[in-house]
Structure formats: C-alpha cells, structure tokens
1. Looking at Val86, is it more than 20 Å from the chain's Cα centre (by Cα) and surrounded by 17 or more Cβ atoms within 10 Å (Cβ to Cβ)?
2. Hey, among the residues in the range 187-220 that are at pLDDT 80 or above and aliphatic (A, V, I, L, M), which one's nearest to Leu232 (Cα to Cα)?
3. Look through Arg256, Arg243, Arg223, Arg195 and report the one residue that is over 27 Å from Asp171 (Cα atoms), surrounded by 12 or more Cβ atoms within 10 Å (Cβ to Cβ) and either free of Cβ contacts under 8 Å to residues at least 12 places away in the same chain or among the charged types (D, E, K, R) (or both).
4. For the range 397-438, how many residues are of a type outside the set (Phe, Trp, Tyr), closer than 21 Å to Asn296 by Cβ and more than 12 Å from the ligand (Cβ to nearest atom)?
5. Please tell me if Ile51 is on the phi < 0 side of the Ramachandran plot, under 18 Å from the mean Cα position of the chain (by Cα) and within 16 Å of the ligand (Cβ to nearest atom).
6. Filter the range 320-345 down to residues that are closer than 20 Å to Asp140 by Cα and aliphatic (A, V, I, L, M) and give me whichever is modelled with the lowest pLDDT.
7. Of everything in the range 344-357, what is crowded, with 24+ Cβ neighbours inside 10 Å and near the ligand (Cβ under 9 Å from one of its atoms)? Give them in sequence order.
8. All but one of (1) touching a residue at least 12 places away in the same chain (Cβ under 8 Å); (2) in contact with a helix residue (DSSP H, G or I) (Cβ under 9 Å, 6 or more places away or on another chain) hold for Asn201; which doesn't?
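The values are calculated or read from the model by the stated rules, or taken from the named source; none is laboratory data. Since this is a predicted model, take the numbers as computed values, not measurements. Here Cβ is always computed from backbone atoms with ideal geometry, including for glycine, and neighbour counts include all displayed protein chains.
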Amino acid sequence: MADGIDFENSYVFRPAHTLTTKTGEWRIPPGLRKTLPFYLHKPWARLGKPILLFEYMAQNCGPISHYMLFGNHVVFLNDPAAIREVLVNQANKFVRERTITRLKILLGEGLLTSDDPIHKRSRRIVAPAFHRQRIHDYADEMVRSTQLWRDRWHNGDVVDMNAEMMTLSLDIVARTLFATEVDDDIRQINEHSNRIMAIYNYLVSFPNAEAFLKYKIPVPGLRRFAKSRAKLDEVVNRIIRERKAANAADPEHADRHDLLSMLLASRDEDGSALSDEQLRDEVLTIFLAGYETTANALSWTWYLLSTHPEQQQAMYAEIREVLGDRTATLDDYANLKYTQMVFAEAMRLYPPAWAMGRKSIEPIEVGSYRLPPGTHFFLSAYVLHRDARFYPDPLKFDPLRHTEEEKAKRDKFEFFPFGGGPRQCIGEGFAWLEGVLLLANISQKWRMEWIAGQPVDVEEKITLRPKYPLRMTLHAR
Ligand code: HEM
C-alpha cells in the first residue's frame, strides 16, 4: 500500500474493513470509499481506460484492492498467489464475468463464453484439435502463408505493421481452421466480426441487450449487431453444411488436416459429437479468439524490435545460425530460443488478453479477505507484468528475462499472457508456434525500421490493440 496515505481520513480511500450483511460477515480489502462513478472526474478513473484505474488501485491500495460499482463488489488482484486462487485453486467457485458473458449474444455457448457443465464438455471435445501433434500439422500452413506474405513486400516500403499482421494472421486462421485461403467467405466473417468488435464496448454496457435482441426492439447499435450476426451465421453455417456434405460424399478424404475436420470428428467420452449449433459457436469462437490476439502480439513485437535495433540484430543472428537460408519449419522451433524470448518479452509488456474477469458464486477467501458471492474479480497481466516487484526496470524491453534459468525462478502467475487453470488458453501452443515461425521467416528477409515521431499508445478493447498505426520502413536483408 502507498506510504503516507491516511486511509482512515481519506476522501478517496477506505481501509480494509468488516462488513456484516444478512448473508454473513465479510472482510473487505482496502479500496475506494465511494462507488466508482463518483470518481469519474479523476484522471485515473476515465471511462474506457480501465488500465489507469487498475494501476492506480494497485499502487495505492496494495495487491488486493476493492471498489463498488452499481451495488456490486469489485476486487482487483495484483498478486500471483491471489491470482492462482481465482484461476486455479478455487476456479470452481467462479463463473464468467459480464464482459465475457455478454459475448454470448455473438458466440453462443462456445468455449470462451460458456460455464460448467457445458464448458467442461466442450473443452473435452475441442481439445484434440489442439493437441501437440495436430498443431504440428498446422505449422506447414503457417509457414506457407508467411512466405507468400514476405515475398509481397518491396525494399523501402513503409507499412502499418498492425494492419499487415491482422491480414496475415487472418490468412493463417483461414488456412488452419477451414483449409482455405482468404476467399469471399472469410472476408465476410472478418468484416462482420470487425463491425461487431467495433461496438463491443457499447454492447457490454447496454443493459439487458439480450432481451432487446430477442424481442427485436429497434435500437440502432443493436440492429447493426443483429444484421452482422445474421450474416456471420449464414456464412459459417454454410461452410459447415458444405463440409458435412462433402464428407458424406467422400468419407475417405474427410480429414483435411484443418481445425474444422477435427471439430467434426471429435467425440465426447460417451460418443456424442458437437451439434450444428455448437459447431457454429466453436468455429466462430476459435476464429475470433485466435486471430486478433496473435496479430496484436506480433504487431507489438515488431514495434519493440524496430525500436530496439540491438535486440533485432541478436534475433537475426540466431535465425542465421539456426536456419542459414532455409525457411523455418516446425523442427526449428525448439532451436529458435532467442526468438521465443523476444515473443515472450513482447507479451510481457503488451499482453493481448490484458485483463481477465470472474464472478464468484460462493464466498471467496483470498489473502486475509473474505468476499461475498456475486463479487467481480479482475486481474490484469498488463499491470502485473509491469510491476517492479517482479521485473526490475519493468518498462525495459529485455528478452533475456525469459532464459530457462530466469523462467525457473518465476511463479507461473508472474508471467501469464495465456491465463491459467481450467480456462487457460486452448490455443497457446498454436500461438507460440505461429508467433515464432512467423518472426523467424519474416526477419530472415526483412529488417524493420521505426519511423520516429509517431504517437504510440494502447487501446484496451477486448484485446490490447495499438491505438495508432505502427508505421515502419522495410529493409531487405
Ligand atoms: C498470442 C495469442 C493469444 C493470447 C495472448 C491468448 C490469450 C488467452 C487467454 C488469457 C485466455 C483465457 C481467458 C480467461 O481465462 O478468461 C484465452 C482463452 C482462449 N483462447 Fe487464447 N490467446 C491467444 C491465441 C489463441 C489462439 C491462436 C486460439 C485458437 C486458435 C485461442 C483460443 C482460445 C479459446 C478458445 C479460449 C477459451 C478457452 C476456455 O475458456 O476454455 N487463443 N486466450
């Protein structure tokens, strides 16, 4: 907790205290004295900038802090042991938080949005599509896409690297999920999911949007959403229908080594498969969860490399040594150690899934506190990864923080860009492989130079996007 603040007499802060209600006695962490909207005039409580709020809470109230919002208790955790309690040890006492459950209006009961028991079953059925061996099949497609991409650039081109990574990552998802290039269908999925993501914050804040949608009550933002969702349904359902028909006609070639083949073939222990509706939900979930996160991780990596020529050169030296003029493939992954460390360090500073939330359904004991059911818990990899208690000189880009030796010293929840526990990212292996192979194959041919003087900031939407274009000059090697 910050020194020198008189919590007892502060107008902003309130010390830890005991609260007795009809349902029990609770021990509330230190935090804000009044409900959050009361402070909206403060620079740290600006709408749409929750990172500022979380940083402020962690700095002033310590690793476990509290505020009230619309009658709900909200707790922010900035402590690895407390985060482990929520994500792993007491995971069964939590459900998804509203910022994610609201996505159900788009993703239905897919892996990302559902709670147990639906989640457990989906995870069992979808898991084989992400097994190590299977991900290795996808590596070829990742490499092929990247090769085509890097050959399209010209020496001296100036590009917005975020736009480039979004399109490349989309191509990779299209090839690995549907065994197709970015054709008209994929473009439509992309366009309509982007439209929906653009109004995501509005959708989250809209009270009872589900009922408005169900009864087709005409509200402009929701109408736009419903239109895009109908288009997405049409395209995704058609892709699934056509694939099923093709498989029925030619069962021998049903496995096209893509994610969709795996989802169609997967069975639960009792032999049951995903229904058409579940297939639609999972396909859209994997599409959305899989492409923007990786694209943002890579965009931030290029930004850091282009502004740190020494580290960019060190990575290139490794790539030359491991590959010579060969293209990096799956077998090279393990030897591209510095490249892996660069990707890790970029995700430390700019974790694409910058925050996670849970809502408790039982009393929760964490640290020396006890919170009632219905409390919203938030944790942020962005805030914790930049905490000097865990990373000295935290803003310095230093890939050597991720050597095997350093990693062995670290608690899992000091570096958790992929979360943890039963909801840990199912695509983590996929993302590491895509990130490292793409960095190696592009760096082999290109050096990036940052164009000085541009503004750089984060935009904390559902993922951590660059707020402005990341413009850099490409130099052929
Ligand atoms: C750098 C890239 C990525 C990052 C940083 C990332 C991060 C995360 C995180 C932190 C979670 C857990 C959220 C929570 O606990 O609330 C998650 C879940 C998930 N991710 Fe990823 N992800 C990435 C790439 C991918 C890819 C490539 C795929 C699929 C191809 C994917 C699919 C999913 C799915 C389906 C879930 C929900 C899992 C569940 O709840 O069982 N992600 N991701």
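1. On the way: more than 20 Å from the chain's Cα centre (by Cα): no; surrounded by 17 or more Cβ atoms within 10 Å (Cβ to Cβ): yes.
For Val86, the condition - more than 20 Å from the chain's Cα centre (by Cα) and surrounded by 17 or more Cβ atoms within 10 Å (Cβ to Cβ) - is not met.
2. Ile189
3. Values: Arg256 fails: over 27 Å from Asp171 (Cα atoms); Arg243 fails: over 27 Å from Asp171 (Cα atoms); Arg195 fails: over 27 Å from Asp171 (Cα atoms).
One residue alone meets the criteria, Arg223.
4. Total satisfying the criteria: 5.
5. Details: on the phi < 0 side of the Ramachandran plot: yes; under 18 Å from the mean Cα position of the chain (by Cα): yes; within 16 Å of the ligand (Cβ to nearest atom): yes.
Criteria met by Ile51.
6. Only one residue fits best here, namely Leu330.
7. Once the filter is applied, which keeps residues that are crowded, with 24+ Cβ neighbours inside 10 Å and near the ligand (Cβ under 9 Å from one of its atoms), the range 344-357 yields Met347, Pro351, Pro352.
8. (2)
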